[in-house]
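> This is the structure I have questions about; it appears just below.
The values are calculated or read from the model by the stated rules, or taken from the named source; none is laboratory data. Because the structure is a prediction, the values reported are computed rather than measured. Cβ coordinates were reconstructed from backbone atoms using ideal geometry, including for glycine residues, and neighbour counts include every protein chain displayed.
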Amino acid sequence: MEQFPLNNPQTQTENDKRFQTEIGRHFEASSGTSLDKLRNFARFVPRQNLATFLAKAEIFRRIIPVHGSIIECGVFMGGGLFTWAHLSAIFEPVNHTRRIVGFDTFSGFVEVGERDRSPGDGADHDPKAVGAYRFEHPEELRHSVALFDLNRAVGHIQKIEIVPGDAVVTIPQYVNENPHLVVSLLYLDFDLFEPTKVALETMLPRMPRGAVVAFDELNQRQWPGETTAVLETAGILRGRGAVVVFAGRILSGRDAVKLDTFSLEAFGTPHGTPLGTVDGDGVRYTGPPAGSPGGRVTPANLDPRVAIIPLELGDDGRLLELARPRFDGVVVEAFGRGNVPPGVLPSVRRWIEDGKPVVLASRCPFGEVGGEYAFEGGGGQLFALGVIPAGPRASSVARLELIICLAAGLRYGGNG
């Protein structure tokens, strides 16, 4: 039998109960030392726990290219905490900046509020009470951390941090004490409304594009607090703005462009990353909402005329000059990191002297313009003249944004 049960008795069959009883006895009675059995764990581990491990491995694969630490909200006996640690040690053995930080009271639930109560359908069960799900042995976890460090690369540099106490207090305190913190994965397993809400409010602003928020009890009838916390803080769709859903991918309307004339995956975000996916199981978002920092802009019309001028080698700016009296703004498609032929510069200066915005985009399908090059026609020189970088968007998207800003009487910020 289990000393620290996690299963909801109301969802267990007789076979489930029989398996849980007999597998423990079988493990204890089987030949070999404990280490022998651990090395052959697949023989004994319940299928559900192995499935959870594989699911977390898939989540981890998504964040490998994303900078930042992993935040585990709800440590209990450490299964999740050490899963992330092992995956990091295996797939990125020398990534010493990615910490695995676990928050837990180690004394069970601090408070169960009204938002954590299920409807009167019999879904509640005894463990949903103050003090439930407590594992009062953090010193055992610290011993496990010390042993884990013996068996990995760069084990002399701390990988796992355990933060005991009420997360409503310790999470904001930890962030204040670690202002450098960037979060690549926020795994929420607090079960309850209040600590989940605090974790979302505190950690989401520190999550870059591509970071992942994962939930253990989202959309579960017996644990409504977690879903309620999401709805009251991050929302499900709020803050994402217009999106393009095509071929199973969810793309930001700010970044989406058509990349192929006929392919099923005709749309993509070469200057960004997809927001999520749609499949038979529903909608999955791979990161927090991108947001819209400037707020909503509703112009009265779309009358301003903005040209897109692609440049060529040896360009003398003639097309730019022809467009200047006829257009209110221009998006220049430059080479590479944002470099233009020197012959274009006089025309660029005249556009700016006329008070007409010049936005600099790149002809490259990936990346964005920058100001590293200060030679004649380099991005650094253009920015010094007052040219606006397009940021992480294609020239066609920058053109639409510039039209909207001109129509609304706003200065176009571009790089944001």
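> Can you tell me which residue among Ala42, Ala85, Ala57, Ala89 is out of contact with any strand residue (DSSP E or B) (no Cβ under 9 Å at 6 or more places or on another chain), small (Gly, Ala, Ser) and in contact (Cβ under 8 Å) with a residue 60 or more places away in the chain?
Numbers: Ala42 fails: in contact (Cβ under 8 Å) with a residue 60 or more places away in the chain; Ala85 fails: out of contact with any strand residue (DSSP E or B) (no Cβ under 9 Å at 6 or more places or on another chain); Ala57 fails: in contact (Cβ under 8 Å) with a residue 60 or more places away in the chain.
So the residue among Ala42, Ala85, Ala57, Ala89 that is out of contact with any strand residue (DSSP E or B) (no Cβ under 9 Å at 6 or more places or on another chain), small (Gly, Ala, Ser) and in contact (Cβ under 8 Å) with a residue 60 or more places away in the chain is Ala89.
> I'd like the residue in the stretch 325-357 that is closer than 13 Å to Ala390 by Cα and of a type in the set (D, E, K, R) and, out of all such residues, is surrounded by the most Cβ atoms within 10 Å (Cβ to Cβ).
Glu333
> Could you please find all residues in the stretch 155-184 being in contact with a helix residue (DSSP H, G or I) (Cβ under 6 Å, 6 or more places away or on another chain), hydrophobic (A, V, I, L, M, F, W, C) and farther than 21 Å from Ile63 by Cβ?
Result: Ala167, Val168.
> Here is a further query. Criterion first (of a type in the set (D, E, K, R), in contact (Cβ under 8 Å) with a residue 40 or more places away in the chain and either exposed (fewer than 15 other Cβ atoms within 10 Å of the Cβ) or out of contact with any Asp or Glu (no Cβ under 6 Å at 6 or more places or on another chain) (or both)) does Glu177 satisfy it?
So Glu177 does not fit the description; no.
> Still on this structure: Restricting to strands (runs of 3 or more DSSP E) lying wholly in the stretch 236-355: which have 1 or more residues that are among the hydrophobic types (A, V, I, L, M, F, W, C), at pLDDT below 80 and in contact with a Leu (Cβ under 7 Å, 6 or more places away or on another chain)? If you could, list the steps in order and put the result at the bottom.
Working: elements: 243-246, 249-252, 276-279, 282-285, 306-310, 329-334.
Output list reads 243-246.
> Return yes or no: is Val369 within 18 Å of Arg411 (Cβ to Cβ) and either in the same structural domain as Pro325 (by TED's automatic domain parsing) or out of contact with any Gly (no Cβ under 7 Å at 6 or more places or on another chain) (or both)?
Numbers: within 18 Å of Arg411 (Cβ to Cβ): no; either in the same structural domain as Pro325 (by TED's automatic domain parsing) or out of contact with any Gly (no Cβ under 7 Å at 6 or more places or on another chain) (or both): yes.
So Val369 fails the test.
Each row is one residue, and each column tells you yes or no for (1) over 16 Å from the mean Cα position of the chain (by Cα); (2) free of Cβ contacts under 8 Å to residues at least 12 places away in the same chain; (3) not in a loop (DSSP other than H, G, I, E, B).
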position: Val145; (1), (2), (3): yes, no, yes
position: Phe148; (1), (2), (3): yes, no, yes
position: Ala153; (1), (2), (3): yes, no, no
position: Leu186; (1), (2), (3): no, no, yes
position: Glu194; (1), (2), (3): yes, no, yes
position: Leu200; (1), (2), (3): no, no, yes
position: Arg209; (1), (2), (3): no, no, no
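> Could you run through the stretch 358-416 and say how many residues are crowded, with 17+ Cβ neighbours inside 10 Å, aliphatic (A, V, I, L, M) and part of a loop (DSSP other than H, G, I, E, B)?
4
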